[in-house]
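See below for the structure under consideration.
The values are calculated or read from the model by the stated rules, or taken from the named source; none is laboratory data. Model, not experiment: these values are computed from the prediction. Because the Cβ atoms are built from the backbone with ideal geometry, glycine has one as well, and the counts that use them run over all protein chains shown. What goes into the accessible areas is simple: the full protein's heavy atoms, side chains included, and nothing from ligands, DNA or RNA. Shrake-Rupley method; radii C 1.70, N 1.55, O 1.52, S 1.80 Å.
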Amino acid sequence: MLHRFTARLGIIGINPFVFVPPAILKELFIASGKEKGHIPVGGYINDRQYRQTLLRYKGEWRLYINTTMLKDSPKRIGEEIHIAIGYDPAPRLIPPHPLLKKALRANPQANAAFKKLSPSRQQEMIRYISLLKSEAGIAGNVEKLVGFLLGKNAFLGRSMPDQA
């Protein structure tokens with residue numbers, strides 16, 4: 001079930017967002033069966049379909065609006081947008097990029113370290129690499145990730161796999 005509302009686009013740091021009205025939040029909590037953590041949602045922004053995760057930050061629930069959801073969203077702060085939102089239980093898993101799979105198969109030590117990471121951390125790293133656009137960027141970041149897993153360098157702001 002989609003709930004519709006209109007909101008003014010705000011920003012925190014570099015992140016555009018909208019507040020979801022309390023009555024709609026309550027319905028999303030009921031549909032998802034939780035009031036904590038991440039709540040997967042989907043719907044439409046100005047008639048463009050999106051999938052996103054509803055997050056709580058500093059005590060407030062926010063729907064962050066990225067540029068795939070709303071073109072040039074950071075430049076549109078203050079604009080009123082039309083939103084339809086509903087709970088979306090579909091899995092958010094992204095398959096590992098073939099270069100990452102190949103690199104982990106080729107390095108058993110890195111593969112073992114990767115498997116020791118929490119599933120959410122694994123998915124964060126898979127998502128980061130899989131969503132890169134250039135093959136050169138993917139290859140370079142796969143190399144950095146393997147180095148990180150072997151304790152040689154930092155990756156995604158972390159210096160050691162056990163801090164991941």
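What the table below lists for this structure:
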| quantity | calculated |
| --- | --- |
| Matching residues in region 136-164 - criterion: being among the small types (G, A, S), within 20 Å of the chain's Cα centre (by Cα) and either under 17 Å from S118 (Cα atoms) or open to solvent by 30 Å² or more (accessible area, probe 1.4 Å) (or both) | G157, A164 |
| Which numbered condition K71 fails, given (1) charged (D, E, K, R); (2) in a helix (DSSP H, G or I); (3) at pLDDT below 95 | (2) |
| Number of the exception - I85 against (1) under 30 Å from N46 (Cβ atoms); (2) surrounded by 15 or more Cβ atoms within 10 Å (Cβ to Cβ); (3) free of Cβ contacts under 8 Å to residues at least 12 places away in the same chain | (3) |
| Members of region 10-20 that are open to solvent by 20 Å² or more (accessible area, probe 1.4 Å) and in a loop (DSSP other than H, G, I, E, B) | G13, I14 |
| Residue in region 41-52 that is open to solvent by less than 70 Å² (accessible area, probe 1.4 Å) and among the acidic types (D, E) present | no |
| Filter result for R76 (at pLDDT 90 or above and surrounded by 11 or more Cβ atoms within 10 Å (Cβ to Cβ)) | yes |
| Of the criteria (1) assigned to a helix (DSSP H, G or I); (2) open to solvent by 60 Å² or more (accessible area, probe 1.4 Å); (3) not small (G, A, S), which one K133 fails | (1) |
| Selected residue (only one of A23, A7, A31 is among the hydrophobic types (A, V, I, L, M, F, W, C), open to solvent by 70 Å² or more (accessible area, probe 1.4 Å) and not in a loop (DSSP other than H, G, I, E, B)) | A23 |
| Residue in region 92-109 that is modelled with pLDDT under 90, β-branched (V, I, T) and either farther than 28 Å from A31 by Cβ or assigned to a loop (DSSP other than H, G, I, E, B) (or both) present | yes |
